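The values are calculated or read from the model by the stated rules, or taken from the named source; none is laboratory data. This is a predicted model, so every value here is computed, not measured. Please note: Cβ atoms are built from the backbone with ideal geometry, for glycine as well, and neighbour counts cover all protein chains shown. Side chains included, ligands, DNA and RNA excluded: accessible areas come from the protein's heavy atoms. Shrake-Rupley method; radii C 1.70, N 1.55, O 1.52, S 1.80 Å.
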Amino acid sequence: MDQKTSREIQRRRTFAIISHPDAGKTTLTEKLLLYGGAIQSAGSVKGKQGDKHAVSDWMELEKQRGISVTSSVLQFEYEGYCINILDTPGHQDFSEDTYRTLMAADSAVMVIDAAKGIEPQTRKLFRVCAMRGIPIFTFINKMDHESRDPFELIDELETEFGIATYPMNWPISCGATFKGIYDRESRSVLTYTNYHGGAKRLESIVCPIDDAQTLDKLVTPRLAAELKEQIELVEGAGADFDLDAVHHGKLSPVFFGSALHNFGVEQFLESFLRLTTAPLSRRNAEGGSVDPLDDHFSAFVFKIQANMNKAHRDRISFLRICSGRFERGKEYFHLQSGKTMRLAQPQQMMAQERDIIDEAYAGDIIGVFDPGTFSIGDTICEPGQAVRFAGIPTFAPEHFAVIEQIDSMKRKQFAKGMTEIAQEGAIQIFFYPNSGMEQVVVGVVGVLQFDVLQFRMKSEYGVEYIRRDMPHELIRRVQNPDFDAANFNFTGDTRWVKDVRGRDLLIFNGAWTIRWAQEKNPDLILTEFHQDIEQG
């Protein structure tokens, strides 16, 4: 590998930002973009600056509701690093998109609300990171609000997640009396003010902790004495810093701050970039790995998004580059179709804003125009290099509804919309045997996906439909060849459907109906819904 390519790969940092809704994840993302010069001012998702929306929230529904419902990709430069941020949905109903996005990240930043601590969605996302051994960095946000005791928050992190923590800084009080943070590395205090409402960089006053006279003036004698006592406890009872443990997801560096008021964010970013890893090796389907410094280009599709650009109604496939260097105009091999192709319109992303690029490197996330060729989990590599990456997790839908088109004149638009949105992985569609596309069964992981589907079908495809929710909760694959439900004995509410590949499935009302079906039909072979998206 030439020196330029190796150098470019080594300066990449690709990470996902994860959190429970409302913990401040998107706000933190925008403050990071401020430091990279990618944006000039941050528009809070909520608050008085109501005329602005988060840069990473591009879908109209996201702007209306003030929540992220789809992952965004943001790339910018900062002090010699090329940073790829994957901003993920916080709401649990969109967790499948977050799970897939984590497959493309080398590390994760977990944002926690200081008043609420660990919340249900945070637990789920952490477990995914832990399963993959992803390094986790914790940003405890909203210290300018009334908060829980920092020792209690640290203890909860260690108890809930079973990993060690290392506070990189320590808060000086919280809420109305929040005075700043003590930075353990520089052994100095950074004081907090919020005179600018978070719109610009915050200039902090730096004071060594052993400068008692200045410290008393800045934070009051009472808080200065409290800080010194707490730091003694932290340094006496806490874990030692171990970078190798950080890289293997066994130790989480913890930072305190306020993303909204831009306090502690720059210190977090600089420490994070120093401590996190360059692009990591990626596991292949054969149990081996693909080194990012391998000379040969390889990538996999982890996300597909239709209609990001309303003017063009296009479809973009997001690729995580795993090894080598991508070159515009060069022919690459699509493993699943067995065809060689040129990847059209390769783009660098800033949410819905895009720039055509000539090259990209391992660690980068790029978007390519997709005429309907790609599926999530597909591999793209150089001709003669048959790389196949491990499957990307997908999950069985838990909520089902029958969707029926209203206007038969819009049959094509209905079929196109349902198919394209299903290919993104946001929903899964099934068909009753021997029925057409006029009526489909839609399965989702979270019920809010139904609202997103309805909104997108109307706004992007001009289609309205009737939706009838089903009481069913569980789905199983049928492995019997030439299956026909008429030849078996099922409860009256069990539904036989087929997926887009024509495979047979049964949808059940509950676990007892599955047991009933298996007891009454000894020859019936059922398996769990697939846990990895099949490739090929």
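Could you tell me which of the pairs Lys303/Lys339; Lys303/Lys410; Lys31/Lys250; Lys339/Lys410; Lys4/Lys330 are separated by over 23 angstrom between their Cα atoms in the structure shown? Please report the intermediate quantities before stating the final value.
Working: Lys303/Lys339 20 Å; Lys303/Lys410 27 Å; Lys31/Lys250 27 Å; Lys339/Lys410 33 Å; Lys4/Lys330 19 Å.
Lys303/Lys410; Lys31/Lys250; Lys339/Lys410, as the Cα separations exceed 23 Å there.
How much area per residue is accessible in the chain when the probe is 1.4 Å and only protein heavy atoms are counted (Å²)?
That works out to 42 Å² for each residue.
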At 7 Å along Cα-to-Cβ for each site, give me the label-to-label distance between Asp493 and Glu528 in nm. 2.4 nm
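Nothing charged except the Cβ atoms of Lys and Arg (+1) and of Asp and Glu (-1): what's the magnitude of the dipole of the range 256-403 about its Cα centre? Round to the nearest 20 debye. Write down the numbers at each step before the final one.
Details: 15 positive and 18 negative charges, 81 e Å.
About 380 debye.
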Give me the three principal axis extents of the range 382-521 from the C-alpha atoms, as integers in angstrom, largest value leading. 49, 46, 27
For Asp210 and Asn434, compute 0.36 nm times the residue count separating them, minus their Cα-Cα distance, and round to one decimal in nm. 72.8 nm
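Can you work out the FRET efficiency for the pair Asp155 and Arg468, with r the C-beta to C-beta distance and R0 = 35 Å, to the nearest 0.05? The partial results should precede the final answer.
On the way: r = 48 Å, r/R0 = 1.37.
The calculated FRET efficiency here is 0.15.
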Where in the range 261-299 does the label zone of Arg187 land, with the point 7 angstrom along Cα→C-beta and an amide N cut-off under 18 Å? none
Between Arg11 and Ala386, what is the spin-label point distance in nm, taking each point 7 Å from the Cα along the Cα→C-beta axis? 3.8 nm
To the nearest 0.05, how large is the calculated FRET efficiency for Arg148 and Lys228 if R₀ is 22 Å and r is the Cβ-Cβ distance? 0.55
Rounded to a whole %, the carbon-and-sulfur portion of the accessible area of the range 472-535 at a 1.4 Å probe is 46 percent
Carbon/sulfur fraction of accessible area - the range 349-460, other protein chains in place, 1.4 Å, %: 51 percent
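How charged is the neighbourhood of Glu528? Take every other residue with its Cβ under 9 Å from the Cβ of Glu528, and add Lys/Arg as +1 and Asp/Glu as -1. Spell out each step's value before the answer.
On the way: positive: Arg476, Arg477; negative: none.
Neighbour charge sum, excluding Glu528 itself: +2.
Just how large is the dipole of the chain about the Cα centre, in debye to the nearest 20, putting +1 at every Lys and Arg Cβ and -1 at every Asp and Glu Cβ? Please list the in-between numbers first.
Values: 60 positive and 76 negative charges, 262 e Å.
Charge dipole of the chain: 1260 debye, to the nearest 20.
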Eigenvalues of the alpha-carbon gyration tensor of the range 321-455, times 5 and square-rooted, give semi-axes in Å, largest first, of 33, 17, 16
Give me the tail of P(r) for the range 389-437 as a percent: Cα-Cα pairs with distance above 12 Å. 72 percent
How much of the pair distance distribution for the chain lies past 47 Å, counting alpha-carbon pairs only, in percent? 17 percent
Leaving out ligands, DNA and RNA, what percent of the accessible area of the range 253-305 is carbon and sulfur, probe 1.4 Å? 46 percent
Consider a paramagnetic label point 7 Å from the Cα of Ser289 along Cα→Cβ; state which residues of the range 247-263 have an amide N under 20 Å from it. 247-252
Ranking His248, Ile17, Thr276 by how far each Cα lies towards the positive end of the charge dipole of the chain (+1 on Lys and Arg Cβ, -1 on Asp and Glu Cβ), the top one is Ile17
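Take every DSSP beta bridge with both residues inside the chain and express the antiparallel ones as a percent of the total, to the nearest 5.
On the way: 82 of 106 bridges.
Percent antiparallel among DSSP bridges in the chain is about 75.
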Listed residues Gln267, Leu335, Trp516: farthest to the positive end of the dipole of the chain (Cβ charges): Leu335
May I ask for the distance between the Cα centers of the range 129-184 and the range 420-466, given as a whole number of Å? 40 Å
